[in-house]
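**Q** After the structure tokens below, expect a handful of questions from me.
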Amino acid sequence: MTDIATVAHVGRGPRTVSLRWLLLAPAIMFIAIVFGLPLMYLVRMSFNLHPPDGTYVEAWTLKNYITVLTNPLQLATIGMTVYISLVTAAITVTGSFIFAHFVWGQKGKLRTVLLAIALGPMLVSEISVIIGWRMFFPSNGLLSYSLIWTGLADEKINLLATQTAAVVGLSYISMPYCFFTILSVLNGIDRNLLTASGDLGASPVRTFFRVLLPLTKGALASAFTQAFVFTMGIYATTNALGPDSLWTMGYEIQRQMLSRRDWPLASAIAVVLVVIITLAALMAQWLRHRKGRGHA
Amino acid sequence: MSSTLQLRRVVKRYGDSVAVDAIDLAVEQGEFLTLLGPSGCGKTTTLRLIGGMDWPDAGTIEINGVRVDNLPSHKRDTVTVFQSGALFPHLTVAENVAYGLKMRGVPRADISPRVKRMLDVVRMGAFVGRYPAEMSGGQRQRVALARAMVVEPSILLFDEPMSALDLKMRIELRSEIRRLHEEVGFTAVFVTHDQSEAMALSDRIAVMNKGKIVQIGTPIEIFERPSNEFVYTFVGESCSMNIDEQSELHLSQRPTSPQRLYLRPSHLRLVNGSGAENFVAARVTDIEYLGGMYRVHAEANGCRLFFDSTEAPELGPNHVVKIGWNSDDATYFPVS
């Protein structure tokens with residue numbers, strides 16, 4: 001990270017600055033048009049009013065935000081979304097770390113195969129992923145049959161439409177991002193550090209807590225944020241694998257937008273979602289910089 | 001009284017290849033022993049077996065008379081100084097040096113004075129609060145040295161600790177290690193492919209080739225009485241010629257059976273007339289200026305010879321010269 005920062009500072013003369021902006025201009029314009037304008041439109045919409053017989057009427061009101069932040073149902077939705085995202089992020093990061101740590105120690109063909117497996121979830125669409133898990137979790141699904149076949153269960157088990165299924169599905173989708181974030185940091189660590197730690201008398205467990213974890217905590221924090229942010233915004237997976245009671249912000253936006261045709265309220269929920277995600281990202285950034293002193 | 005380190009018939013295989021081939025080795029208390037050999041000769045593997053970073057396939061390893069070949073690295077009383085230094089980047093110099101003491105359960109109150117004393121010994125006392133990224137390669141290796149020495153292990157292992165440094169730093173750190181060995185008196189097994197390093201540091205050198213120790217002895221023994229061709233050619237510069245009936249050269253004593261003659265370039269000189277016991281007529285092929293001296297390359301009987309001369313040779317390439325040497329300086333090995 002230090003290297004990139006150093007490189008960016010090199011040759012920052014007045015001429016290179018203007019040239020840099022010039023070169024960046026197309027990309028910035030693209031982002032402004034594709035992301036900036038809709039976001040501004042969304043924010044504007046969130047201050048409008050919802051008439052009983054239409055989608056919105058122009059206004060400047062805080063009514064929608066008051067609803068989102070005081071209505072118990074809305075608050076429960078926010079709470080549930082944050083909770084599911086935190087649980088998913090924790091599981092995803094743990095799983096990714098274990099898998100990345102394993103891949104880190106491999107060479108040659110096996111490593112390539114493992115990397116391909118890790119990329120798997122990114123190669124299929126979210127819908128295919130959902131269909132796959134829907135065939136895995138129900139009482140007539142693969143999981144149920146395997147458990148009976150191996151003798152681990154006596155009766156058929158249904159996990160479809162449970163929080164577990166939702167969390168598994170969400171973790172599966174966000175796993176590749178976390179995995180590659182963590183693996184890239186592991187790849188930058190000299191394996192001799194672990195050998196040296198053992199050599200100096202540390203057991204593998206102490207080596208993990210004293211060397212490996214401190215060196216990867218930055219990566220784990222950004223992987224966690226990634227998974228959290230990703231999960232916060234996902235709507236289909238939670239809906240298709242989770243129970244009806246799993247009412248997430250994504251689902252609520254959809255419901256307000258399409259069923260109740262309350263565009264201003266849907267926009268306000270969306271803005272709150274964006275704000276939560278932004279805060280999470282900023283907090284992770286801040287934590288990393290605070291902890292990363294001295295050895296970044 | 002048993003040796004500090006004792007290896008008996010130690011074998012390590014990787015797949016079909018034998019990395020370490022039934023090695024026997026004993027290192028005494030306070031001794032500085034170097035494993036010297038080309039890359040792939042098994043010297044680093046031997047070191048890893050001693051340190052517990054690899055498991056032998058056969059044989060036993062004892063430290064102070066206790067078998068350790070079934071113990072993991074963290075339960076052996078050895079500490080390694082790695083080629084990369086392997087300092088923990090998230091810890092300061094002081095924390096790095098304290099690491100081994102903490103892991104070995106040394107009382108907290110004793111740690112800080114020991115760390116301070118050891119950093120003073122390696123002349124890094126002013127760097128306690130620095131992180132590894134804020135130091136040069138040579139400084140990092142000094143800290144790595146302190147980190148290993150501070151726990152006072154039975155044996156210090158060195159895995160080519162200077163090969164990543166530039167020449168000047170290497171020579172400086174080399175004399176530093178020599179000084180520390182004299183002052184502290186640790187027992188060391190040092191791995192290197194650099195013969196000058198081995199010569200300068202070691203009480204004894206074990207020359208390794210193809211997984212075996214081919215000769216073990218003091219630096220002087222190794223250099224002056226090499227037991228075979230490999231040692232002769234690996235340690236120090238050398239020239240060689242096949243000697244048979246057809247060879248055109250003047251020898252005071254001609255060997256009876258076909259032999260190969262080995263000579264050190266430092267023993268060769270240009271001679272006039274018959275002013276030497278032994279000489280050969282050679283055609284000069286090239287003269288290099290090496291700064292302060294000239295290296296003369298020549299060819300005789302289809303073999304290449306070279307030697308250094310402080311004065312610029314008057315004869316240029318393609319002239320035929322006489323190169324002479326003393327009988328005592330010649331070494332013969334049977335033609336293999």
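The values are calculated or read from the model by the stated rules, or taken from the named source; none is laboratory data. Because the structure is a prediction, the values reported are computed rather than measured. Backbone-built Cβ (ideal geometry, glycine too); neighbour counts: all protein chains shown. Heavy atoms of the whole protein, side chains included, go into the accessibility calculation; ligands, DNA and RNA do not. Shrake-Rupley method; radii C 1.70, N 1.55, O 1.52, S 1.80 Å.
**Q** Using θ = phi - 60° and the Karplus curve 6.51 cos²θ - 1.76 cosθ + 1.60, what whole-Hz ³J(HN,Hα) does each residue of region B:65-72 get, with Gly and Pro shown as x?
**A** For region B:65-72, the Karplus-derived couplings read x, 10, 5, 10, 5, 9, 9, x Hz, x marking Gly and Pro.
**Q** For region B:66-139 and region B:257-336, what is the centre-to-centre distance using only Cα atoms, to the nearest Å?
**A** 50 Å
**Q** Which whole-number percentage describes the relative contact order of region A:137-240, with Cα contacts under 8 Å and a sequence gap of 6 or more?
**A** Values: 73 pairs, mean separation 32.9, N = 104.
After rounding, I find 32 percent.
**Q** Same structure, new question: Counting DSSP beta bridges in the protein assembly as shown, what percent are antiparallel, to the nearest 5? Write down the numbers at each step before the final one.
**A** Details: 53 of 70 bridges.
In the protein assembly as shown, approximately 75 percent of DSSP beta bridges are antiparallel ones.
**Q** If region B:101-140 were replaced by its equivalent ellipsoid, with semi-axes equal to the square roots of 5 times the Cα gyration tensor eigenvalues, what would those be, largest first, whole Å? Before the final figure, lay out each step's value.
**A** Values: eigenvalues 93, 27, 14 Å².
Sorted largest first and rounded, they come to 22, 12, 8 Å.
**Q** Treating each Cα of region A:46-165 as an identical point scatterer and ignoring solvent, apply the Debye formula and state log10 I(q)/I(0) at q = 0.13, 0.18 Å⁻¹.
**A** -0.86, -1.12
**Q** What is the sum of charges, Lys and Arg at +1 and Asp and Glu at -1, for the other residues whose Cβ falls under 11 Å from the Cβ of residue B:169? Write out the running numbers ahead of the final one.
**A** Numbers: positive: B:140, B:142, B:168, B:170, B:174; negative: B:166, B:172, B:176.
After counting each charged neighbour, the total is +2.
**Q** Related question: Which residues of region A:205-226 show a drop of at least 50 Å² in accessible area when all protein chains are present, compared with their chain alone (probe radius 1.4 Å, heavy atoms only, ligands and nucleic acids excluded)?
**A** With the partner chains in place, region A:205-226 has these residues losing at least 50 Å²: A:210.
**Q** Need one number: nm distance between label points at residue B:8 and residue A:60, each 7 Å from Cα along Cα→Cβ, rounded to one decimal.
**A** In this crude spin-label approximation the distance works out to 9.3 nm.
**Q** Can you compute 3J(HN,Hα) from phi for each residue in region A:199-210, using the Karplus curve 6.51 cos²θ - 1.76 cosθ + 1.60 with θ = phi - 60°, rounded to whole Hz and x for Gly and Pro?
**A** After applying 6.51 cos²θ - 1.76 cosθ + 1.60, I find 4, 7, x, 8, 5, x, 5, 5, 4, 4, 6, 9 Hz.
**Q** Then there is this: Using a Förster radius of 45 Å, what is the FRET efficiency between residue B:178 and residue B:289 based on their Cβ-Cβ separation? Nearest 0.05, please. Each step should come with its number before you reach the end.
**A** Values: r = 32 Å, r/R0 = 0.72.
After rounding, the FRET efficiency stands at 0.90.
**Q** From the Cα gyration tensor of region B:74-122, with a ≥ b ≥ c the square roots of its eigenvalues, which class applies: rounded if a/c is under 1.5, or else prolate if a/b is larger than b/c, or else oblate?
**A** Values: a/c = 1.57, a/b = 1.15, b/c = 1.36.
Oblate shape, in that a/c is at least 1.5 and b/c is the bigger or equal ratio.
**Q** Report the residue, chosen from B:191, B:79, B:284, that carries the largest GNM mean-square fluctuation when chain B is represented by alpha-carbon nodes joined by springs under 10 Å.
**A** Of B:191, B:79, B:284, the Gaussian network model singles out B:284 as fluctuating most.
**Q** For chain A, with a Gaussian network of springs between Cα atoms less than 10 Å apart, report the residue from A:102, A:137, A:228 with the top mean-square fluctuation.
**A** Of A:102, A:137, A:228, the Gaussian network model singles out A:102 as fluctuating most.
**Q** If I take every Cα pair under 8 Å that is 6 or more residues apart in chain B, average their sequence separation and divide by the length, what percent do I get for the relative contact order? Kindly include the intermediate steps, with their values, before the conclusion.
**A** Details: 666 pairs, mean separation 55.3, N = 336.
That works out to 16 percent.
**Q** With the full set of protein chains in place, find how many percent of the accessible area of region A:71-295 is carbon and sulfur; take the probe as 1.4 Å. Provide the component values of the computation, followed by the final result.
**A** Numbers: 7550 of 11140 Å².
Summing carbon and sulfur atoms, their accessible area is 68 percent of the total for region A:71-295.
**Q** Can I ask one more? Cross-link partners among aspartates and glutamates for residue A:63, C-alpha distance below 15 Å, same-chain residues fewer than 8 apart left out?
**A** Correct list for residue A:63: A:262.
**Q** Something else about it: Take the alpha carbon atoms of region B:156-189, find their center, do the same for region A:96-173, and report the distance between the two centers in whole angstrom.
**A** Between the Cα centre of region B:156-189 and that of region A:96-173, the gap is 52 Å.
**Q** Can you give the accessible area buried between chains B and A, summed over both chains, with a 1.4 Å probe, in Å² to the nearest 100? Kindly include the intermediate steps, with their values, before the conclusion.
**A** On the way: alone 16450 and 17840 Å², together 32360 Å².
For chain B against chain A, roughly 1900 Å² becomes buried.
**Q** Beta carbons within 10 angstrom, averaged per residue: use that to sort the peptides A:18-26, B:141-149, A:247-255, highest first. Don't skip to the end; give the middle numbers.
**A** Working: A:18-26: 10.1, B:141-149: 25.7, A:247-255: 21.0.
Peptide ranking by packing, descending: B:141-149, A:247-255, A:18-26.
**Q** Follow-up. Hey, can you grab everything whose amide H is under 5 Å from the amide H of residue B:158? Only 5+ residues off in sequence or another chain; H modelled, so Pro and N-termini drop out.
**A** Hits under the 5 Å cutoff: B:81, B:189, B:190, B:191.
**Q** While we're looking at this one, here's another question. Per-residue HN-Hα couplings for region A:121-135, Karplus 6.51 cos²θ - 1.76 cosθ + 1.60 at θ = phi - 60°, whole Hz, x for Gly and Pro?
**A** Per residue, the Karplus-derived 3J(HN,Hα) values read x, 7, 7, 10, 6, 4, 5, 5, 4, 4, 4, x, 5, 5, 8 Hz.
**Q** Sequence gap of 8 or more, or different chains, plus Cα separation below 19 Å: how many lysine pairs satisfy both in chain B? It would help to have the intermediate numbers written out before the result.
**A** Numbers: B:12/B:43; B:12/B:210; B:12/B:212; B:43/B:210; B:43/B:212; B:75/B:102; B:102/B:116.
Value for chain B: 7.
**Q** Something else now. Which residues' amide hydrogens lie under 5 Å from the amide hydrogen of residue B:26, considering only partners 5 or more residues apart or on another chain, with H built in the peptide plane?
**A** Long-range HN contacts for residue B:26: B:7.
**Q** Run the helix sum for chain B: -39,500 (n - 2.57) per DSSP H stretch of 4+ residues, divided by residue count, reported at 222 nm to the nearest 500 deg cm²/dmol.
**A** Details: 8 runs with 84 residues, N = 336.
Per the formula, -7500 deg cm²/dmol.
**Q** Roughly how much of residue B:332 is accessible, in Å² to the nearest 10, using a 1.4 Å probe?
**A** Counting only protein heavy atoms, residue B:332 exposes about 70 Å² to solvent.
**Q** Next question, about the same structure. Between residue B:281 and residue B:55, what length in nm is gained on full extension when 0.36 nm per residue of separation is reduced by their alpha carbon distance? Walk me through the intermediate numbers first.
**A** Working: separation 226, 0.36 × 226 = 81.36 nm, distance 5.45 nm.
Working it through step by step, the gained length comes to 75.9 nm.
**Q** Which shape class, rounded, prolate or oblate, goes with region A:71-295 when its Cα gyration tensor gives a ≥ b ≥ c as root eigenvalues, a/c under 1.5 marks rounded, and past that a/b bigger than b/c marks prolate? Can you show the working numbers first?
**A** On the way: a/c = 2.35, a/b = 1.34, b/c = 1.76.
Oblate.
**Q** Right, here's the next one. Out of A:202, A:240, A:266, any idea which swings most in a Gaussian network model of chain A, alpha carbons joined below 10 Å?
**A** Between A:202, A:240, A:266, it is A:202 that shows the largest mean-square fluctuation.
**Q** Shifting gears a bit: Starting from the 7 Å offset along Cα-to-Cβ, what nm value, one decimal, do you get for the label separation of residue A:116 and residue B:120?
**A** Between residue A:116 and residue B:120, the simple spin-label model gives 6.2 nm.
**Q** Now for a different question. I'd like to know how region B:133-269 sits against the 2.2 N^0.38 Å rule of thumb: what's its Cα Rg over that expected value? Show your work: numbers first, answer last.
**A** Numbers: Rg = 19.5 Å, N = 137, 2.2 N^0.38 = 14.3 Å.
The reported ratio for this selection is 1.37.
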